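The values are calculated or read from the model by the stated rules, or taken from the named source; none is laboratory data. Please read all numbers here as calculations on a predicted model, not as lab measurements. Positions of Cβ are generated from backbone atoms using ideal geometry, with glycine treated the same way; all protein chains shown enter the neighbour counts. What goes into the accessible areas is simple: the full protein's heavy atoms, side chains included, and nothing from ligands, DNA or RNA. Shrake-Rupley method; radii C 1.70, N 1.55, O 1.52, S 1.80 Å.
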Amino acid sequence: MHAVIALRHTNRRPFSGRPVPPGVLAELADAASIEGAILHILDHDEARRVLDLVQDAARDQDADPAYRGELAQWAGGARDRDGIPDSALGPPVPGRCRTGPRLRSRPASAP
């Protein structure tokens, strides 16, 4: 798994308001089924309830000093990289630097 860390991508852009095409939903449901899971597509009201629950849970966790302490210890101050501690990135690779959530190549002549 260490080898694919450099390939990790995060998309934080907002989603469009367009509905997901039925064929894509069917492919996702099939992929879940292959893994032994069930994909339940939420309707608008269900999605709102789930979002409200997630917000409540996040607020409760953030209010818990023990949780915040555990998170700070685990993250080791690396929250600017999506909370990924340097130790999770594996040993440093000569000629490469860590800038953000992915390892990016650095020219050999760079300081």
Next on the checklist: Can you tell me which condition I41 does not meet? The list is (1) open to solvent by less than 90 Å² (accessible area, probe 1.4 Å); (2) modelled with pLDDT of 95 or more; (3) β-branched (V, I, T), and all the others hold.
Outcome noted: (2)
Checklist entry - Somewhere in segment 7-16, is a residue small (G, A, S) and surrounded by 10 or more Cβ atoms within 10 Å (Cβ to Cβ)? => result no
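Identify, from the list G36, G69, G23, the residue that is open to solvent by less than 90 Å² (accessible area, probe 1.4 Å), modelled with pLDDT of 95 or more, part of a helix (DSSP H, G or I) and not hydrophobic (A, V, I, L, M, F, W, C).
Values: G36 fails: part of a helix (DSSP H, G or I); G69 fails: modelled with pLDDT of 95 or more.
Going through G36, G69, G23 in turn, the sole match is G23.
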